[in-house]
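Worksheet for the structure shown next.
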Amino acid sequence: MAFFRCIQEVINRCFVVEITDEATIKKARAILSRRITESTSIRGVIVKTPKSYNRPWSWHLDPASIEFFGRAMEVCEASIVQVEKHLDEVGGAFLPHNNWCPWRSSLVEEVVFDSGAGMVGLPIEYADS
């Protein structure tokens, strides 16, 4: 597993995802090292429970659902703030099936998560390994 800090550029707010799939982890590291420059926005399934690595948000993305995309349908797009504000509506008409694909989202860095210490950022060069 690996953790990555992401940003939704339109509103300049961050969130953190945990990725468990090895191929997706490798792709995330390739995006950070700029070996991949297409289809780099983050998509995943919202789980309506908080995780300490994704503070201050009351939700997280299912680690097994994380994917990268270039274009997505408008029905899964919302800002981080909208997700938090309307979390009780996620899965209905707002973000059906809990699918979230924030446009203009991107990876910022790989981070190490320690439940006692919190997040520690790693240099992008580390993501090449």
Given the rule -39500 (n - 2.57) for each run of at least 4 DSSP H residues, summed and divided by the residues of the chain, what is its mean residue ellipticity at 222 nm, to the nearest 500 deg cm²/dmol? -3500 deg cm²/dmol
Unpartnered Cys in the chain, judged by a 4.7 Å Cβ-Cβ cut-off, are Cys6, Cys14
Would you calculate the convex hull of the Cα atoms in the chain and tell me its volume per residue in Å³? 97 Å³
Over all Cα pairs of segment 17-79, the Kirkwood radius sets Rh, and Rg/Rh then becomes 0.98
With unit charges on the beta carbon (Lys/Arg positive, Asp/Glu negative), name the residue among Ala93, Ser41, Gln82 whose Cα is farthest towards the positive pole of the charge dipole of segment 1-102. Ser41
In the neighbourhood of Cys6 defined by beta carbon distances under 13 Å, the net charge of the other residues (Lys, Arg +1; Asp, Glu -1) is -1
Could you work out how far helix 22-32 tilts from the main Cα principal axis of the chain, as a 0 to 90 degree angle to the nearest 10? 80 degrees
Please give me the summed charge of the neighbours of Ile19: other residues whose Cβ is under 15 Å from its Cβ, Lys and Arg +1, Asp and Glu -1. -1
Neighbours of Ser41 by Cβ distance under 9 Å: Lys/Arg at +1, Asp/Glu at -1, summed charge +3
For the chain, the longest stretch holding no GluC sites (Glu not before Pro) located in a DSSP loop with at most 14 other Cβ atoms within 10 Å is which? 39-129
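Every read-out reported here was derived from the displayed coordinates using simple, explicitly stated rules and does not represent laboratory data. Only a predicted model underlies this, so the values are computations on that prediction, with no experimental measurement involved. Here Cβ is always computed from backbone atoms with ideal geometry, including for glycine, and neighbour counts include all displayed protein chains.
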